[in-house]
Amino acid sequence: MHAEALNRLNPSEETIQVGPMTITFLVTGDDSDGSVAIFEMLTPSDVQLPAPHSHDAYEETIYGLEGVLTFTVDSTPHAIGPGQSLCIRRGQVHGFANTSGAVSRSLAIVTPALIGPEYFRGVAEIFSSGAAMPEIRTRLMELMRDFGLTPAPPPAAS
């Protein structure tokens, strides 16, 4: 392969609509020999996704571009605004919500690149299937496990 083919802007640009969120992949594991995946998340206000989970095989770093997105990591909320970053280490349970009243735009960097557009295409397919919510949850949990995400158990009742 020629060097020009290897070095290009946004080599894997693909936009995937996942429910109310828009995910735009910029770099995949195929582009980086598995070292990094980079995608942008456009999250409308009043959205809480995904189900709390962890991953044991990769780190996920979130960088705020616009608006505020709140990641809860191991029960501690972190409001990430423009110019702020948060590294979510392997094994940390996390999820996020946009309760800011405005759209949030964030960059996600996954190292190594063990998750890519295939996962988000699968999530989009599940949400657009027309299935009832219990089936959606079951299928989503299976997909998460298939891609190395461990769904967190529901919080204990107090």
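The values are calculated or read from the model by the stated rules, or taken from the named source; none is laboratory data. The model shown is predicted, which means the values in this text are computed figures rather than measured ones. Virtual Cβ from ideal backbone geometry, glycine too; neighbours counted across all protein chains shown. With ligands, DNA and RNA removed, areas are computed over all heavy atoms of the protein, side chains included. Shrake-Rupley method; radii C 1.70, N 1.55, O 1.52, S 1.80 Å.
Quick notes on this one:
- Residue match in segment 24-32 (condition: crowded, with 17+ Cβ neighbours inside 10 Å, free of Cβ contacts under 8 Å to residues at least 40 places away in the same chain and under 23 Å from Met141 (Cα atoms)): yes
- Evaluation of Thr99 against (1) in contact (Cβ under 8 Å) with a residue 60 or more places away in the chain; (2) over 21 Å from Ile16 (Cα atoms) (one fails), failing number: (1)
- For the criterion of being in contact with a Pro (Cβ under 9 Å, 6 or more places away or on another chain) and either open to solvent by less than 40 Å² (accessible area, probe 1.4 Å) or of a type in the set (Ser, Thr, Tyr) (or both), Ser85 fails.
- Restricted to segment 19-51, and to residues there that are modelled with pLDDT under 90 and aliphatic (A, V, I, L, M), the residue that is farthest from the chain's Cα centre (by Cα) is Val47.
- In segment 138-158, the qualifying residues are those that are of a type outside the set (A, V, I, L, M) and in contact with a strand residue (DSSP E or B) (Cβ under 8 Å, 6 or more places away or on another chain), and the one that is most open to solvent (accessible area, probe 1.4 Å) is Arg145.
- Residues (farther than 18 Å from Met21 by Cβ and open to solvent by less than 90 Å² (accessible area, probe 1.4 Å)) located in segment 127-137: Gly130, Ala131, Ala132, Pro134
- Of all residues in segment 109-153 being assigned to a loop (DSSP other than H, G, I, E, B) and of a type outside the set (Gly, Ala, Ser), the one that is farthest from Gly64 (Cα to Cα): Pro153
- Meeting the requirement of 2 or more residues that are farther than 19 Å from Gly122 by Cα, the strands (runs of 3 or more DSSP E) wholly within segment 1-104 are 59-66, 69-73, 76-80, 85-88, 94-98.
- Just so you know, in segment 112-126 the residues that are open to solvent by 50 Å² or more (accessible area, probe 1.4 Å) and within 15 Å of the chain's Cα centre (by Cα) include one that is modelled with the lowest pLDDT, and it is Leu114.
- Selection status of Leu69, of a type in the set (A, V, I, L, M), open to solvent by less than 20 Å² (accessible area, probe 1.4 Å) and under 16 Å from Leu42 (Cα atoms): yes
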